[in-house]
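Below is one structure, written out as structure tokens; the observations come after it.
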Amino acid sequence: MSITKIGKYFHLQGKKMSYVMEIGSDEMLHHVYWGNQLDQIPTVLYDRAPYRRQKRIEGRNPDSVECTREFSHYECPIYGTSDFRLPALHGRNEKNGASVFDLRYAGYNITDKITQPKGMPGMMACERTQQLDVYLKDTLLSLSVTLHYILSPEIDCIARYMTVKNDGLEGFILNEVMSATIDFEDGNFSLYTLNGTTLREFTPDIRAFHPGVTLLGSTRGSSSHQHSPNAVLLRQGTDTFQGECYGLSLHSGNFVLRFEKDCYGSCRVQGGIHPLDFSWLLQEGESFDTPQLFLSYSSQGLNGLSQCQHSALRRHVVRGDYANKERPLLLNTWEGCYFDVNHERLMELGDACRETGIELLVLDDGWFGKRDSASSSLGDWIVNKEKFPGGLAQTADALKEKGIRMGIWVEPEMVSPNSDLYRAHPDWCLHVPGRVRTEWRNQLVLDLSRPEVVDYIIQSLDRIFQDGKISFVKWDMNRRLTEVWSQSLPAERQGETRHRYILGLYRILEHLVQTYPYLLMENCASGGGRYDYGMFHYFQQGWLSDNTDGVCRLKMQNAASVFYPPEIITSHVAACPNHQIGRVTPLSFRADVCTLFNSGYELDLTKMSKEELDEVSKICGRMKELRTTVQGGNFFRLTRDVMPEKEFGWMCVKGNRAVAGYFRPYCEAESAYWHIGLNGLEDTARYRDIASGLEMMGRDWKNIGWRPNWREGDYFSEFLLLEKVEQLP
Ligand code: DGJ
């Protein structure tokens with residue numbers, strides 16, 4: 001398991017995966033293979049082209065070899081010659097406007113010293129991680145390109161990015177640059193994606209590929225609710241338990257994932273920064289790094305792929321003290337109090353938290369400036385002394401005495417027109433001189449491409465966190481970027497603004513992680529509007545959606561779990577009727593839906609009856625007991641269908657313990673027998689059902705399955721707790 005160069009081939013070999021490239025006789029880097037692990041590289045691989053095309057590739061045809069580029073599969077396809085498919089990069093030499101590329105192989109390096117794209121999140125090194133850099137050069141354009149491949153062999157995951165450097169005297173304007181290209185020989189896949197909008201995030205979809213380009217992306221400045229920057233290519237017949245699949249995961253800003261099925265049925269897959277309104281000027285000696293594209297592979301269905309994705313996040317992406325620590329059970333004030341927060345309210349809630357077993361109280365919106373509604377004060381990160389006369393420190397200290405830690409909400413990327421910050425610096429927001437500044441939730445977006453704005457935010461945050469009293473921060477972002485133009489950039493660099501915004505954001509977040517590693521950080525963008533691998537390099541958990549309805553949450557959490565492990569996905573028990581859609585569900589069902597994820601609460605405990613509070617205490621006890629298995633455990637979905645609608649099953653396995661949950665929101669008359677195959681257990685170990693004492697081998701729990709106790713009525717949910725009692729050789 002490692003990266004090797006054998007003759008003209010590069011072989012990236014994981015535990016169960018191989019990725020192979022070849023330096024072609026044309027000195028271009030060709031894609032050869034990505035799939036199940038190969039023991040050795042059959043050197044005839046590249047010559048598998050169909051007969052007519054093979055003849056032409058070999059040059060036996062009167063046509064020039066240069067005419068045959070669209071027959072081949074490349075790692076860095078170039079623009080301007082006979083490959084008319086989507087290129088890996090596009091740009092122009094400033095002197096003569098030329099945009100025809102010719103990137104040829106110029107060397108390589110294999111190392112265990114891992115690099116990350118400058119100023120951006122990236123896969124961190126851990127045991128056995130290796131990096132391959134392949135150098136390509138265009139002598140006429142004085143451009144060099146480095147393709148970076150970081151292999152995590154244990155996890156069957158590769159992180160790819162590209163560096164483009166201007167080695168010449170004239171400037172070069174990049175206007176399209178992909179993080180990675182994979183040219184599959186065939187396009188016999190379907191595409192699994194997650195789409196939606198606010199309150200309806202993570203709605204899965206499966207589509208077939210047709211000739212032409214399929215494109216998913218965001219031009220909103222954040223990775224968006226509309227299309228997640230995560231997708232999976234599914235081979236025919238792949239389901240939750242079996243079959244081949246390929247995962248793609250990108251970063252936090254404007255992005256594109258595009259798939260081109262060409263006239264021969266081959267499929268080019270690319271991911272990177274969305275090219276719309278993007279450009280980057282490279283002066284002599286300057287270079288540009290793309291964000292990383294994570295690639296993962298499994299031949300064991302979507303559950304197998306999730307194991308790769310979850311391990312990659314846990315081992316290579318998430319940082320901070322909480323990366324590998326149990327997250328506390330929290331109560332967030334938003335749905336219980338909205339803007340009506342003050343010291344006394346928090347004391348009452350703190351008492352209720354202590355009584356029920358909740359460990360952390362998060363003060364959401366409304367604590368700063370003159371923030372009594374969404375109409376003012378973003379940017380003025382000074383505590384409101386009428387609501388909190390002793391400052392946040394006094395409230396945090398008082399909560400600490402009750403045994404409760406304190407967290408707060410911030411939305412630092414924004415400014416309200418009605419704020420002291422805006423009155424002092426009206427030019428600090430993204431805007432185009434002379435044009436309307438679109439307000440969204442009464443707010444404008446600060447221009448994070450400007451270093452002085454980023455510095456202001458860092459100082460404001462330091463003032464809040466430096467006394468060490470706050471243990472948790474929920475970072476929100478409640479609008480998209482419009483009128484993107486920066487006062488600080490010259491005309492020829494305006495196309496850089498969006499990417500510079502993201503770099504500014506990453507700089508602030510990096511500062512927080514480095515300075516306050518003990519902080520537990522929660523990612524939120526009106527729910528799941530920026531739920532991506534980039535953000536989870538800084539955040540240890542993320543608020544999936546503002547929709548807290550249990551039934552809606554089943555679908556969202558099921559889909560999000562394809563890419564994110566359970567401790568990342570926060571899920572709160574909310575009030576009833578539900579505030580977003582008005583559905584009435586029992587407390588037990590709402591709580592069960594949260595329990596196999598990072599669970600918490602979002603309701604006014606002080607308005608609950610004694611009986612309800614007793615029930616909450618019991619639920620908290622169970623959540624805390626089970627979280628040791630849930631958080632950091634191996635997570636499996638239990639329904640074969642990758643887009644379940646009527647029933648949901650999840651399972652977490654850690655050490656000797658396993659917990660399975662089954663959920664059926666609506667009762668059906670005379671439905672089929674319920675036998676839920678438990679897929680995450682070891683075949684050759686014996687497990688005991690802790691409640692009934694029933695013991696079976698892991699493979700029998702899988703093949704015979706678990707039979708939940710039928711109950712009439714809607715909102716059915718049940719858990720099964722298993723303990724490993726014997727491990728057979
Ligand atoms: C949007 C978030 O998604 C909510 O959870 C809440 O924090 C509000 N913003 C506060 O304004």
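The values are calculated or read from the model by the stated rules, or taken from the named source; none is laboratory data. Just so it is clear, the structure is predicted and the values come from calculations on it, not from any experiment. Here Cβ is always computed from backbone atoms with ideal geometry, including for glycine, and neighbour counts include all displayed protein chains. Accessible surface is based on the protein model in full, side chains and every heavy atom, while ligands, DNA and RNA are left aside. Shrake-Rupley method; radii C 1.70, N 1.55, O 1.52, S 1.80 Å.
For this structure, a couple of remarks:
- Gain in span if fully extended, Asn175 to Glu70, counting 0.36 nm per residue against the direct Cα distance: 35.6 nm
- Sequence-separation-based contact order of the chain, relative, with Cα cut under 8 Å and 6+ spacing, percent: 10
- Projecting the Cα atoms of Gly237, Phe388, Thr628 onto the charge dipole of the chain (Cβ charges, centred on the Cα centre) puts Gly237 farthest toward the positive pole.
- Per residue accessible area of the range 347-393, 1.4 Å probe, in Å²: 35
- Potential extension, Asp641-Val100 segment - 0.36 nm per residue separation minus Cα distance: 190.1 nm
- Put simply, the C-alpha atoms of the range 337-395 give a gyration tensor, and the ellipsoid matching it has half-axes of 22, 12, 9 Å, longest first.
- Using the Cβ-Cβ distance between Gln283 and Cys263 with R0 set to 45 Å, the FRET efficiency from 1/(1 + (r/R0)^6) comes to roughly 0.70.
- In this calculation the C-beta distance from Ala374 to Trp710 is compared with R0 = 56 Å, giving a FRET efficiency of 0.75.
- Debye, to nearest 20: dipole size of the chain, +1 on Lys, Arg Cβ, -1 on Asp, Glu Cβ: 660
- For the pair the range 335-379 and the range 606-676, the centres of their Cα atoms are 29 angstrom apart.
- Cα Rg, Dmax (largest Cα-Cα span) when computed across the range 175-232, Å: 13.0, 39
- Taking 0.36 nm per residue of separation and subtracting the current Cα-Cα distance, fully stretching the chain between Gln466 and Lys654 would add 64.0 nm.
- Calculated SAXS-style log₁₀ I(q)/I(0) at q = 0.23, 0.24 Å⁻¹ - the range 539-641, Debye, Cα scatterers: -1.32, -1.40
- Estimated distance in nm for a label pair at Gln37 and Asp700, the labels positioned 7 Å out from Cα along Cα-to-Cβ: 3.1
- Listed residues Tyr533, Ala352, Leu512: farthest to the positive end of the dipole of the chain (Cβ charges): Tyr533
- When only alpha carbons are used to place a centre, the range 450-526 and the range 583-604 end up 32 Å from one another.
- Charge dipole of the range 554-709 (Cα centre as origin; +1 on each Lys and Arg Cβ, -1 on each Asp and Glu Cβ, all else neutral): 240 debye, rounded to the nearest 20.
- Dividing the summed -39500 (n - 2.57) terms of all DSSP H runs of n ≥ 4 by the residue count of the chain sets its mean residue ellipticity at 222 nm at -5500 deg cm²/dmol.
- Length-normalised contact order of the range 352-506 in % [C-alpha pairs under 8 Å, at least 6 apart]: 26
- Fraction of alpha-carbon pairs over 20 Å apart in the range 607-729 - percent: 49
- With a simple spin-label model that places each label point 7 Å from the Cα along the Cα-to-Cβ direction, the separation between Asn442 and Leu728 comes to 6.7 nm.
- Cβ-placed point charges (K, R +1; D, E -1), dipole of the range 313-429 about Cα centre in debye, nearest 20: 500
- 21 Å Cα-Cα threshold exceeded, pairs from Lys402/Lys469; Lys387/Lys610; Lys137/Lys165; Lys385/Lys469; Lys400/Lys469: Lys387/Lys610
- In straight-distance terms, cross-link reach from Lys16 covers every one of the lysines whose alpha-carbon lies under 26 Å from its own, apart from those fewer than eight places away in the same chain; here that gives Lys5, Lys8, Lys113, Lys654, Lys702.
- Between Thr115, Gly265, Gly285, the Cα set farthest toward the positive side of the dipole of the chain (charges on each charged residue's Cβ, about the Cα centre) is that of Gly265.
- Comparing Cα centroids, the range 1-27 and the range 229-282 end up 21 angstrom apart.
- 3J(HN,Hα) couplings calculated from phi for the range 94-105 with the Karplus curve 6.51 cos²θ - 1.76 cosθ + 1.60 (θ = phi - 60°) are, in sequence order, 5, 6, 10, x, 5, 10, 8, 9, 8, 9, 10, 4 Hz; Gly and Pro show x.
- Once the 1.4 Å probe is applied to the protein heavy atoms, the range 123-271 comes out at 29 Å² accessible per residue.
- Once the C-beta distance of Arg622 and Asp340 is scaled by a Förster radius of 22 Å, the resulting FRET efficiency is 0.10 to the nearest 0.05.
- Each semi-axis of the equivalent ellipsoid for the chain is √(5λ) with λ an eigenvalue of the Cα gyration tensor; in descending order they amount to 44, 35, 20 Å.
- Sulfur and carbon atoms: percent of accessible area, the chain [1.4 Å]: 49
- The HN-Hα couplings worked out from phi for the range 455-462 by the Karplus form 6.51 cos²θ - 1.76 cosθ + 1.60 (θ = phi - 60°) are 4, 4, 5, 4, 5, 4, 5, 4 Hz, whole numbers, x standing for Gly and Pro.
- Mean Cα-pair separation over length for the range 359-442, i.e. relative contact order, pairs under 8 Å, 6 or more apart, %: 35
- Annotation: amide H-H contacts under 5 Å for Glu411 (H modelled 1.01 Å from N, sequence separation of 5 or more, or interchain): Asp476.
- Set of aspartates and glutamates with alpha-carbon distance to Lys325 below 17 Å, sequence-local pairs under 8 removed: Glu359, Glu522, Glu567, Glu625
- Computed from label points 7 Å out along Cα-Cβ, the spacing between Tyr518 and Lys5 is 4.8 nm.
- Alpha-carbon radius of gyration plus Dmax, which is the widest Cα pair, for the range 237-339 in Å: 19.7, 59
- The mean accessible area for residues of the range 620-681, using a 1.4 Å probe and ignoring ligands and nucleic acids, is 42 Å² per residue.
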